[in-house]
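Encoded as C-alpha cells, the structure appears first; notes follow it.
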Amino acid sequence: MDSALSPSEQRMIAAAADFAANTITPNAARWELERTMPDNGIRPAAKAGLTGMLLDESLGGQGMSKAGMARAMEQLSMADMGYAFVMIVHNNFMNAIADGGTDAQRQRYLPDMLSGECLGAFLLTEPQSGSDAANVTTTARKDGDGWILNGAKAWITSAATADLLSVYAQTDASRGWRGIATFMVEAHLPGVIRETPYSTMGAHVMGTGGFRFENCRVSDDTMLYAPGDGFKGAMAGIDLARANVAAMCSGMMANSLEVALAYAAERRAFGQRILDFQGVQWQLADVATDLHASHLMAYAALAAIDAGQPAAIPAAHAKKFATRAALAGIAQCMQAMGADGYKHDFPLARHLACAKMAQYIDGSTEIQNVVISRDLLRPFD
Ligand SMILES: Cc1cc2nc3c(=O)[nH]c(=O)nc-3n(C[C@H](O)[C@H](O)[C@H](O)COP(=O)(O)OP(=O)(O)OC[C@H]3O[C@@H](n4cnc5c(N)ncnc54)[C@H](O)[C@@H]3O)c2cc1C
C-alpha cells in the first residue's frame, strides 16, 4: 500500500511517526489527566510539517495525496487520536481556503495557519442539530458591506484555543440549505463568545466546546462560501473525513495490539505467559483481522478519493466498520492485559474514549447506514 506513495510522502509519514513518538506519546497521558492543551499549541506540529499537508507546494504546503496524509494521521493516532483530529480539522480548513477562497484570503490566512500561529476550527454543528446538519439556525444578516452573525455552535473541535473559525450561518431560512453561507471569523472579534470546554469521556486535548455569536460583525471579504455553496462546501470533504477517521481508528487499534502483545509476553499466570493461553491468542488474532480489514477499507476509500472516483459508499463502509472494530478491538486488547490495561499508565483507555468519539464525528454510525441503505435501496425506488 505504501509503495504507491512518493518518496517525499514516505518522508512525511516518517516525520509524523517521529513527532508522535517524541512529542505526543510522552505528553498525551498528562494532557488528558490535566485536561490541558499543549502549551505551544500546534506550532511544534507545524514545524514538523504537519500543517498544509494537502496544500500545493506553491502555497507552502506538502502537496501530499489524501492517502499520504491519512497515513501520517494514522501515525499520530497511534499516540493520540485527539491530537490527530485537531490536525485533520486544521488541515481541512486550510484546504477549503486554498480551493474555495480568494487570492486575498489565501494570502491573509494560509501563512499563519501553516506556521501554526493560527489554529482553525470548523463550526457546523449547533446545540439543536448535529446529524441534521443543514438545520443551521445561526443567522447571518446583511449589514452594509458586512454581515451580522447571531446564534450558537456546539461540539467544536479546538473551541478552547482556535483562532480562526469557519462559521456556517443561514442567510435566508426560506431557502433551506441553499441559504447557508460560510464566514471566516477571527475568534478575538467582538461578539464571539467562547464557551467553557466540555467535560467528556476523553480526548480533552481537542478542547471541544461551543461558541455563541452575539451581533458579531464581519466584513464581506470574510465570506468563504456564498449562500448556496456553504452546505455544499461543508459536505465536499465528508468522504475524505470519514476515510480519515477509519485510518485513525486503524492507528489506535495497531498501537493497542502492539501494547497488549508486549504486555502479555511479560505477564505470567498459572505458571506460563499470558500470551501462551490460546484464548488470549485468539482474542488478539480477532483484533488483528479487524485491523487488517479496517486498514484495507480505509485505504480503498482513500484510493477512490485520490483517483477522483465516487467514494461516498466505500467511505461510509470504512468509517462504520473501523469505528466499530476499534471500539471492540481496543476493549479486547485491554481485556488481554487484565486490570493493568485499565490504568492510564497505558494508552488504551485514551484510545477507547477516542474510538467512541469516532462513532459520532463526521457523521454517526447510523448516518453511515443511512448513506449505505440509500444506495442499497436505489434499484427499488
Ligand atoms: C469530540 C467531538 C468533536 C466534534 N467536532 C466537531 C467539529 O469540529 N465541528 C462540528 O461542526 N461538529 C463537530 N462534532 C459534532 C458531530 O459532527 C456530531 O456529534 C454528529 O454529527 C452527530 O450529531 P449529534 O451528536 O447532535 O447527534 P444527533 O443528531 O442528535 O443524533 C442522536 C442519535 O440519533 C441518531 N440519528 C440521527 N439521525 C438519524 C437518522 N436519520 N437515522 C438513524 N439514526 C439517526 C444518531 O446517529 C445518534 O445516535 C464533534 C462531535 C464530537 C463528539
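The values are calculated or read from the model by the stated rules, or taken from the named source; none is laboratory data. Keep in mind that this is a model prediction, so the values were computed, not measured. Glycine also receives a Cβ, built like all others from the backbone with ideal geometry; neighbour counts cover every protein chain displayed. Note: accessible area is taken over every heavy atom of the protein model, side chains too, but ligands, DNA and RNA are not part of it. Shrake-Rupley method; radii C 1.70, N 1.55, O 1.52, S 1.80 Å.
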Note to self: Only one of D290, D362 is of a type outside the set (G, A, S), modelled with pLDDT of 95 or more and away from the ligand (no atom under 16 Å from the Cβ). Can you tell me which?
What the structure shows: D290
Next item on the list: Please specify each residue of region 118-133 satisfying the condition of being more than 8 Å from the ligand (Cβ to nearest atom), open to solvent by 10 Å² or more (accessible area, probe 1.4 Å) and within 16 Å of I88 (Cα to Cα).
Entry: C118, L119
Check: If you check every pair at least six apart or on different chains, which have Cβ atoms under 6 Å apart with a residue in region 235-251 that is outside any helix (DSSP H, G or I) first and a residue that is of a type in the set (G, A, S) second?
Finding: none
Item checked: Which listed residue, of A46, A17, is assigned to a helix (DSSP H, G or I), small (G, A, S) and open to solvent by 30 Å² or more (accessible area, probe 1.4 Å) -> A17
Notebook entry, point to check: Any idea which residue in region 365-381 is farthest from the ligand (Cβ to nearest atom), counting only those that are open to solvent by less than 60 Å² (accessible area, probe 1.4 Å) and within 19 Å of the chain's Cα centre (by Cα)?
Noted result: Q368
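Could you list all residues from region 259-293 that are of a type outside the set (V, I, T) and touching a residue at least 60 places away in the same chain (Cβ under 8 Å)? Before the answer, list the steps.
First, the residues of region 259-293 that are of a type outside the set (V, I, T): 260-273, 275-279, 281-286, 288, 290-293.
Residues satisfying the conditions are A260, Y263, A264, R267.
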Notebook entry, point to check: Would a scan of region 234-257 turn up a residue that is buried (at least 20 other Cβ atoms within 10 Å of the Cβ) and within 30 Å of P190 (Cβ to Cβ)?
Noted result: yes
Check: Going by the conditions given, is L149 over 18 Å from D112 (Cβ atoms) and either within 13 Å of the ligand (Cβ to nearest atom) or out of contact with any helix residue (DSSP H, G or I) (no Cβ under 9 Å at 6 or more places or on another chain) (or both)?
Finding: yes
Margin query: Restricting to region 1-27, count the residues that are modelled with pLDDT of 95 or more and in contact with a Phe, Trp or Tyr (Cβ under 7 Å, 6 or more places away or on another chain).
Written below: 1
Check: When both residues are 6+ apart or on different chains and their Cβ atoms are under 6 Å apart, which pairs have a first residue that lies in region 341-365 and is in a helix (DSSP H, G or I), and a second that is within 13 Å of the ligand (Cβ to nearest atom) and hydroxyl-bearing (S, T, Y)?
Finding: A358/T323
Check: Just to be sure, is E195 more than 15 Å from the ligand (Cβ to nearest atom) and surrounded by fewer than 20 Cβ atoms within 10 Å (Cβ to Cβ)?
Finding: no
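Of the residues that sit in region 294-322 and are aliphatic (A, V, I, L, M), open to solvent by 30 Å² or more (accessible area, probe 1.4 Å) and over 18 Å from D2 (Cβ atoms), which one is nearest to the chain's Cα centre (by Cα)?
Residues of region 294-322 aliphatic (A, V, I, L, M): 296-298, 300-305, 307, 311-313, 315-316, 318, 322.
From the residues that got through so far, the ones that are open to solvent by 30 Å² or more (accessible area, probe 1.4 Å) too are 296-297, 300, 303, 305, 307, 312-313.
This time we only want the ones that are over 18 Å from D2 (Cβ atoms), so: 312-313.
Details: A312: 17, I313: 19 Å.
Restricting to residues being aliphatic (A, V, I, L, M), open to solvent by 30 Å² or more (accessible area, probe 1.4 Å) and over 18 Å from D2 (Cβ atoms), the top hit is A312.
Counting only residues that are assigned to a helix (DSSP H, G or I) and surrounded by 15 or more Cβ atoms within 10 Å (Cβ to Cβ), how many does region 100-116 have?
Step one: filter region 100-116 for residues assigned to a helix (DSSP H, G or I), giving 100, 103-115.
Applying the additional criterion that residues be surrounded by 15 or more Cβ atoms within 10 Å (Cβ to Cβ) yields 100, 105-106, 108-110, 112-115.
So the answer is 10.
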